[in-house]
Each structure stands twice: as C-alpha cells, then as structure tokens.
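I have placed the structure first, in the form of structure tokens, so that the comments after it can refer back to it.
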Amino acid sequence: MLIRRKPDLTEADVTDPAWYARRREFLQGTAALLLTAGGLRPARAGHGGRRLDFRPRPDLAVPDALTDYTDVTTYNNFYEFGTDKASPAELAGRLTTDPWSVTVDGEVARPGTYALEDLLKPHPLEERIYRLRCVERWSMVIPWIGFPLADLITRVEPTSRAKYVAFTTLYRPEEMPGQRRHVLDWPYVEGLRMDEAMHPLTLLAVGLYGEVLPNQNGAPLRLVVPWKYGFKSIKSIVRIHFSERQPMTTWHKAAPHEYGFYANVNPEVDHPRWSQKRERRIGEFRKRKTLPFNGYAEQVAHLYAGMDLRRFF
Amino acid sequence: MDAERMARLRLLVFVAALAPALWLAWALFADRLGANPFEALTRRSGEWTLRFLLLTLLMTPLRDWTGWRWPVRLRRMLGLYAFFYGTLHLFTWLWFDQFFDWPAIVEEIVKRPFITAGMGALLILLALAATSTRGMMRRLGRRWKPLHRMVYVAVLLAVLHHFWLVKADLLWPTIYAVIAGALLGHRLWRRVRRPGRLPAATALSRS
C-alpha cells in the first residue's frame with residue numbers, strides 16, 4: 001500500500017484562489033502565521049477553522065452550558081486514529097478531507113457518487129446545540145453546524161423498500177493509523193431505522209463552534225443523533241446505503257451483548273460492565289443523572305412505542 | 001553490594017517509585033490530565049498498580065538470571081508501592097466515580113466481574129502489606145511464605161481486571177498478561193527443574 005509522505009501543504013496550494021477558499025489546512029496555517037507574526041488572534045477566526053455561514057436555531061439549543069472547545073476537540077473517540085482519547089487530535093491532522101465524495105446507493109432512486117460540495121450545496125446550514133452522551137458515561141454539550149439528514153434523504157428519493165440507512169466511515173489506513181490494527185472490523189459502519197433517520201433532530205454535521213469540523217471530530221461530514229449513545233454518530237462518512245434489512249453495525253458486531261443496534265440513551269439499561277444511571281459532563285466534577293433518550297424523550301420516545309427497550313437496547 | 005550502597009539504591013528506588021504519584025498530583029492541579037481528569041486519575045493509578053506488581057515479581061527472576069542479591073532486597077518496597085498505587089486507584093474510584101454511594105459500590109463489586117477481580121486483588125495486597133513487617137514475618141513463621149505467594153493470585157486478578165474492562169483494544173492488557181505469564185512461568189520452570197520439591201518430583205517421575 002502506498003504511504004503518502006507528501007505534506008498537506010505545498011506552495012502550489014497557496015496560488016489558486018479557488019483552492020484557497022476550500023483548504024482549511026491552509027487557512028489554519030494562515031491563522032497560525034498571523035498568530036505568530038501579529039502576536040494576536042485575528043478577531044474573525046475564532047478557533048482557527050474556516051467560518052461557516054449558518055442560521056442559529058435557538059429552538060433546538062439545549063440550555064446547558066457549552067463544553068469547552070478545547071475539550072470537544074481533544075477528547076475524542078475516533079478509533080481510526082487510535083483508541084486513546086488524545087490520539088485523534090494528535091493524528092487526524094494529516095487526513096485529506098478535500099477532495100471528498102459520498103456514495104449513495106442501495107434502495108434509492110438517485111444513487112451515485114456525489115462530490116461533497118454538490119451534496120451540501122442545496123442545504124442551508126443551521127446551528128443546533130445538542131447534548132452528546134457517550135456510552136462510556138461522559139457527556140458534552142456541542143454547538144453543531146449542519147442540516148437535517150431528512151433533507152438529504154428526501155433529495156435522493158429512497159424506494160419503498162428502504163427500511164434502514166447505513167453509513168460507512170472512510171477506510172484509509174495510510175492516513176488513519178488506527179486502522180492498521182484490527183481493533184474493530186474496519187470500515188466503521190453505523191445505521192438507523194428509516195424513521196430515526198428522517199427524524200428532524202437527526203443531523204448531518206459539517207461544523208462545530210461556527211467553523212468547519214476539525215478532522216478529529218469527523219470531518220468533513222458526520223452524523224449527530226443526540227438521543228443515542230455517541231458511537232451511533234458516525235464520523236467522516238463516505239457512503240450512505242439504503243436497505244430493506246437492518247445493517248450490521250460495527251460495535252454491535254464487536255460485542256453484541258454490550259452494544260445494540262438502537263443504542264438509545266437509557267439510564268435503566270446497564271451496559272453489562274457499568275451502570276448507565278449517571279454521567280460526568282466534561283468540565284464538571286459531580287456526576288449528573290442520565291436522562292432517558294438523553295433528555296430528548298419528548299421528541300423521540302414515540303418512535304419506540306410498544307418496543308421492549310431492554311431487549312432492543 | 002555493601003550496606004551504604006544498598007541504602008543509597010533503596011533511597012533512589014523509593015523516590016523513583018513515588019515520582020508517578022507526584023506527577024499525577026501535579027498534573028491534576030496543572031490541568032494536564034485532559035478533558036476528564038478524574039477518570040484519567042483512576043486509569044493511571046490502576047496502570048501503575050499493575051506495573052509495580054509486575055516489577056515486584058521481576059525481582060526474583062532477576063536474581064536468578066544475574067546472581068545479584070540486591071533485586072530481592074528491593075522486593076518488599078516495590079510490593080508496598082503496588083499496594084500504595086492500588087489504594088490510590090481504589091480511592092479515586094470510590095470518590096470520583098461512585099461519590100461514596102455505598103449501596104451502589106457494593107452492587108458494582110458484586111455485579112461487575114472486572115470490579116470483583118480488582119477488589120480481590122486489592123484485598124490480597126492489603127493482607128500482604130499488613131504482614132510485610134519483620135515482626136509479622138516472625139510471628140507467622142512458616143506460614144508467611146505460602147501467604148505471600150498469594151501475590152501470584154493478585155497479579156492474575158489484576159491482569160484479568162484490566163482485560164475485562166477495556167472496550168475493544170486488547171493490546172495493552174495482552175502485553176501485561178504476557179509479562180505476567182513470563183514472570184510466573186519462570187517460577188514454575190524453576191520448580192520443575194529443581195529436584196526435591198513436589199512439582200519437580202512429579203515432573204521427573206513422568207519423564
């Protein structure tokens with residue numbers, strides 16, 4: 001396999017203005033240059049990523065205090081870059097996120113491989129502040145920038161046979177060192193039932209804190225399903241597949257009795273090795289009570305009416 | 001090694017073994033433990049417990065391989081450090097993870113095999129630490145040695161505890177297990193090879 005040694009940044013990248021606008025690596029480099037040269041952070045640049053245009057959605061913002069940007073971007077479960085939480089922030093920098101394309105296939109009227117720009121173009125971006133609850137008993141509050149997955153699904157017109165959507169993460173071991181060991185069955189796959197995917201809370205995110213997603217947070221395109229454990233919110237998506245059958249998902253395959261397909265946040269159903277009753281909000285000392293469906297029960301509980309949530313955990 | 005050099009070596013090892021604890025305390029206050037510092041404290045103190053257990057178990061083979069006497073004379077201190085880090089580990093879990101919610105703690109110990117194993121290892125270490133003085137050695141006489149062989153059970157439980165708690169990545173639990181296996185294996189091998197003892201006798205009669 002070819003190991004790319006070419007640096008992300010070359011002089012050639014600087015010259016073309018069209019590339020200039022798209023290369024967040026270059027923009028980050030510029031910001032760093034300004035920081036060192038000018039001795040202060042440019043007011044507009046925020047945290048160093050490319051700013052996005054978006055509409056705030058205060059109606060979809062939880063009132064909780066936001067988790068620090070530094071914590072959101074340095075404490076990550078992204079096993080493609082290693083199983084240590086600090087590894088993604090250290091190693092994801094070299095991931096090439098441009099060009100990027102997403103394959104849409106399966107039970108769908110308009111299948112195809114779409115360039116990311118074309119996929120995103122019709123969708124106005126909005127900011128939503130969601131809770132994120134990891135299955136490991138920690139949680140964050142993150143201002144995501146994205147658009148409803150439902151809007152994209154409607155666009156590609158799934159057939160009547162489409163009952164589930166499966167997502168696949170990029171497999172590129174030369175840039176994702178964690179994939180060189182068989183910790184999980186790569187590539188990472190996650191999935192949703194169609195009604196879950198169409199739910200207005202389900203978000204395809206391209207940014208956080210007003211800027212393009214840092215690589216370690218799943219750039220350039222990731223899922224955010226706020227009422228499910230974090231591992232459902234798959235990162236760096238390259239494929240969206242519609243199917244009649246429930247897809248086999250990565251964590252479920254790794255440990256079927258520990259990680260179910262649904263993975264709804266549920267304080268009443270323990271992980272076999274730990275209780276899910278409480279969680280530590282990152283930045284806080286005392287633990288909080290975990291809420292059913294991560295506090296989104298009012299919006300999503302009806303999706304599971306009549307289901308035994310202990311069996312379908 | 002003369003008494004003076006041995007004393008200096010002891011002091012050196014004492015300080016070096018304390019260093020991880022001092023670093024953890026500093027890192028906690030300097031905000032160097034990441035986004036989830038209290039969880040990191042539990043994890044790291046647990047790792048140091050296992051490392052000191054393995055270091056303790058390394059001393060006897062080291063003597064056998066090199067003929068040096070000093071490793072065995074450091075064994076008790078290293079074992080006590082394993083107990084020290086284990087106590088720290090337990091305490092951070094009781095406080096920062098469970099907030100001294102005793103009914104919940106008892107439930108966790110009973111319900112989660114990896115916690116049961118870890119607690120078992122710590123109870124053994126407690127018994128060994130309590131009987132580690134010269135006075136206790138004298139008082140226990142011939143029973144002291146079999147009691148302190150329980151450290152083999154403790155290390156096995158600690159390795160198991162580590163294996164059972166990880167989510168998917170078995171690399172480090174495997175590394176620790178292989179080291180523990182080698183150190184325990186050395187003892188078995190030594191017994192088999194040396195005639196006059198029970199396991200050796202059976203091994204010889206079979207061959």
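The values are calculated or read from the model by the stated rules, or taken from the named source; none is laboratory data. Note that the structure is predicted; figures quoted are calculated from it, not measured. Positions of Cβ are generated from backbone atoms using ideal geometry, with glycine treated the same way; all protein chains shown enter the neighbour counts.
Do you know which residues across region A:101-118 are closer than 29 Å to A:Tyr229 by Cβ and in contact (Cβ under 8 Å) with a residue 40 or more places away in the chain? Before you say what the answer is, go through the steps one by one.
Applying the first criterion (closer than 29 Å to A:Tyr229 by Cβ) to region A:101-118 yields A:101-108, A:114, A:116.
The answer is A:Ser101, A:Val102, A:Thr103, A:Val104, A:Asp105, A:Gly106, A:Glu107, A:Val108, A:Leu116.
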Given the conditions (1) in contact with a strand residue (DSSP E or B) (Cβ under 7 Å, 6 or more places away or on another chain); (2) more than 29 Å from A:Tyr69 (Cβ to Cβ), every one holds for A:Lys253 apart from (1)
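Residues A:Asp151, A:Asp84, A:Asp105: which one is surrounded by fewer than 18 Cβ atoms within 10 Å (Cβ to Cβ), on the phi < 0 side of the Ramachandran plot and within 14 Å of chain B (Cβ to nearest Cβ)? Steps first, please.
Numbers: A:Asp151 fails: within 14 Å of chain B (Cβ to nearest Cβ); A:Asp105 fails: within 14 Å of chain B (Cβ to nearest Cβ).
Answer to the check: A:Asp84.
Condition check ((1) within 30 Å of B:Arg193 (Cβ to Cβ); (2) in contact (Cβ under 8 Å) with a residue 60 or more places away in the chain) across all residues:
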{"residue": "B:Ala30", "(1), (2)": "no, no"}
{"residue": "B:Leu55", "(1), (2)": "yes, no"}
{"residue": "B:Asp64", "(1), (2)": "yes, yes"}
{"residue": "B:Ala82", "(1), (2)": "yes, no"}
{"residue": "B:His89", "(1), (2)": "no, no"}
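Scanning for something within 14 Å of chain B (Cβ to nearest Cβ) and either within 17 Å of the chain's Cα centre (by Cα) or of a type in the set (S, T, N, Q) (or both), does region A:168-181 turn up at least one residue?
From region A:168-181, those within 14 Å of chain B (Cβ to nearest Cβ) are A:177-181; that's our starting set.
In the following step, the residues that additionally are either within 17 Å of the chain's Cα centre (by Cα) or of a type in the set (S, T, N, Q) (or both) were identified as A:179.
The answer is yes; a qualifying residue exists.
For the condition surrounded by fewer than 18 Cβ atoms within 10 Å (Cβ to Cβ) and either under 30 Å from B:Asp31 (Cα atoms) or within 14 Å of chain B (Cβ to nearest Cβ) (or both), what is the one hit in A:Arg193, A:Arg280, A:Arg286, A:Arg245?
Numbers: A:Arg193 fails: either under 30 Å from B:Asp31 (Cα atoms) or within 14 Å of chain B (Cβ to nearest Cβ) (or both); A:Arg280 fails: surrounded by fewer than 18 Cβ atoms within 10 Å (Cβ to Cβ); A:Arg245 fails: either under 30 Å from B:Asp31 (Cα atoms) or within 14 Å of chain B (Cβ to nearest Cβ) (or both).
After applying the criteria, what remains is A:Arg286.
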Given the conditions (1) out of contact with any Asp or Glu (no Cβ under 9 Å at 6 or more places or on another chain); (2) more than 30 Å from B:Ala40 (Cα to Cα); (3) in a strand (DSSP E or B), report the number of the one that A:Thr113 does not fulfil.
(1)
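What residue, among those in region A:70-81 that are within 11 Å of chain B (Cβ to nearest Cβ) and outside any loop (DSSP other than H, G, I, E, B), is surrounded by the most Cβ atoms within 10 Å (Cβ to Cβ)?
Step by step, filter region A:70-81, then rank; the result is A:Tyr79.
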Can you tell me which residues in region A:116-148 are part of a strand (DSSP E or B), buried (at least 18 other Cβ atoms within 10 Å of the Cβ) and not hydrophobic (A, V, I, L, M, F, W, C)?
A:Glu127, A:Arg128, A:Tyr130, A:Arg131, A:Arg133, A:Ser139, A:Pro143, A:Gly146, A:Pro148
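So which helices (runs of 4 or more DSSP H) are wholly in region B:82-199 and hold at least 2 residues that are buried (at least 17 other Cβ atoms within 10 Å of the Cβ) and at pLDDT 95 or above?
Working: elements: B:102-111, B:113-130, B:134-140, B:144-148, B:150-165, B:171-193.
In region B:82-199, B:102-111, B:113-130, B:150-165, B:171-193 are the helices (runs of 4 or more DSSP H) which contain 2 or more residues that are buried (at least 17 other Cβ atoms within 10 Å of the Cβ) and at pLDDT 95 or above.
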